[in-house]
Amino acid sequence: MWALRQRAMGVYEPFGVRPTRVLLMELVDRGIDQPKAIAEMLEAVPPAVTAMVNELMERGWLARESDPDDRRRARLRLTQDGGEALREMRAAWHAASRAQLDRFELDHLRSVLHVFGELLEARP
C-alpha cells in the first residue's frame, strides 16, 4: 500500500495536489457531495475534510452550495475547471497504472480483481 501511495503522490505531484484530494474530488464526482459523508468514506475527521474542501475551493476546483432541502447542510460540486483537472489526473493515473500493469498476464490480473472483489464483499 505504501508503494501505491508513493506512486500516486508522484503521479499527482505535477498537478500540485495530494492523492486524498483527488479521491475527494472522485467522491464528489460520483455523487457523494456532503462533507460529513466524505469524512466517513475517507475515515477522516470533519475538520480535515473541511481543510481539503477549502484547499480545492481556493484552486477553483470545488464549489460549496446550500442544500436546497436543508440550508444547514452544504453540498459540494466540481466546477468546470475541477472536472477538467480531474479528467487530466485520471488520464495521468491510467497511464502510470498501465505502465505498471502491462508486465502482468491478463489472467493474473483477472485473478487479482476476483480476490479484491471477494475481499470487498466480505467487509463487515
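Show me the GluC sites (Glu not before Pro) within segment 5-52 that DSSP assigns to loop and that have at most 12 other Cβ atoms within 10 Å of their Cβ. Walk me through the intermediate numbers first.
Working: sites: Glu26, Glu40, Glu43; in loops: Glu43.
Passing sites in segment 5-52 are Glu43.
Taking only Cα atoms, what is the 0 to 90° angle, nearest 10, from helix 80-101's long axis to the longest principal axis of the chain?
20 degrees
Considering only C-alpha atoms, what is the centroid distance from segment 59-124 to segment 1-26, in Å?
Between the Cα centres of segment 59-124 and segment 1-26 lies a distance of 11 Å.
Within the chain, what's the longest run with no trypsin sites (Lys or Arg not before Pro) in a DSSP loop and at most 10 other beta-carbon atoms within 10 Å? Give the range, please.
In short, 31-102.
Out of (1) 26, 22, 12; (2) 29, 24, 13; (3) 29, 19, 13, which label holds the value of semi-axes √(5λ) of the Cα gyration tensor in Å that was computed here?
Identified label for the calculated read-out: (3).
Relative to the longest principal Cα axis of the chain, at what angle does helix 19-29 sit, 0 to 90 degrees, rounded to 10?
Computed tilt is about 70 degrees.
For the chain, what does the helix formula give at 222 nm: sum of -39500 (n - 2.57) over DSSP H segments with n ≥ 4, over the residue count, nearest 500 deg cm²/dmol? Please report the intermediate quantities before stating the final value.
Numbers: 6 runs with 81 residues, N = 124.
Roughly -21000 deg cm²/dmol at 222 nm, from the helical runs in the chain.
Every number here is computed from the coordinates shown, using simple stated rules; none is lab data. Bear in mind that the values here come from a model prediction, so they are computed numbers and not experimental data. Reconstructed Cβ throughout: ideal geometry from the backbone, glycine too, with neighbour counts over all protein chains shown.
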